[in-house]
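To start, I am sharing the structure in question, which I have written as structure tokens.
The values are calculated or read from the model by the stated rules, or taken from the named source; none is laboratory data. Source: prediction; values computed, not measured. Note that each Cβ is placed from the backbone with ideal geometry, even for glycine, and that neighbours are counted across all protein chains shown. Areas reflect the complete protein model, heavy atoms only, side chains present, ligands, DNA and RNA absent. Shrake-Rupley method; radii C 1.70, N 1.55, O 1.52, S 1.80 Å.
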Amino acid sequence: MGMKRCIVPSILLMLALQSAALLVAGDVGAILLPSQGQGTLADEAAMAAKKRPWKCCDQAVCTRSIPPICRCMDQVFECPSTCKACGPSVGDPSRHVCQDQYVGDPGPICRPWECCDSPTCTKSNPPTCRCGDEVDKCAPTCKTCLPSRPRPSRRVCLDSYFGPFPPACTPKAVAAGGN
């Protein structure tokens with residue numbers, strides 16, 4: 001029992017003595033101070049961090065790690081210039097998908113609205129949708145916000161959006177007056 005307790009301290013002592021011997025011998029080329037031309041770990045991490053290759057993303061696929069590693073699966077006509085690997089979409093070869101990965105938050109959504117209770121969408125996959133919801137104020141991402149025809153005090157975003165079917169703002173049971 002006594003022998004097991006002294007194995008770990010003995011190994012640590014041997015490693016410390018070996019490191020000390022290297023320092024005394026003058027082999028310090030692997031140990032550099034920040035003042036010797038190397039930045040700190042924080043500086044290196046900041047330099048290694050890159051900007052998100054997309055401005056916004058509606059179909060982010062991310063790992064559950066912290067920080068997450070994300071890919072944006074949005075289908076676009078042309079990838080942004082910040083995207084290094086742009087390939088054709090599997091579903092629609094006329095569209096493209098940025099194949100870059102990003103470590104961190106996937107960023108804001110691209111849709112001109114957060115949610116929509118009355119969307120009008122094409123039957124394509126993914127669909128092109130418009131939202132007919134009448135709201136007090138359009139989302140900041142909406143480019144064309146006009147007064148509603150039946151109620152001019154309300155607003156409607158006329159932007160169309162190509163992507164996954166938009167999420168509903170209210171649960172169907174509440175909207176239908178159910179439980």
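Amide H neighbours of Asp133 under 5 Å, at least 5 residues apart or on other chains, H built in the peptide plane: list them.
Asp117, Ser118
If I stretch the segment between Ser160 and Lys84 completely, what's the gain in nm (0.36 nm per residue apart, minus their alpha carbon distance), one decimal?
On the way: separation 76, 0.36 × 76 = 27.36 nm, distance 2.73 nm.
Residue separation times 0.36 nm, minus the Cα-Cα distance, leaves 24.6 nm.
For region 51-156, what log10 I(q)/I(0) values come out of the Debye formula at q = 0.16, 0.22 1/Å, with one point per alpha carbon and no solvent?
-0.82, -1.15
Okay, which of region 81-120 sit inside 18 Å, backbone N to the point 7 Å along the Cα-Cβ direction of Ile66?
So the set is 103-106.
Heavy atoms only, probe 1.4 Å: what % of the accessible area of region 68-179 goes to carbon and sulfur, would you let me know? Intermediate results must be reported in sequence, preceding the final value.
Details: 4050 of 7190 Å².
Here carbon and sulfur together make up 56 percent of the probe-accessible area.
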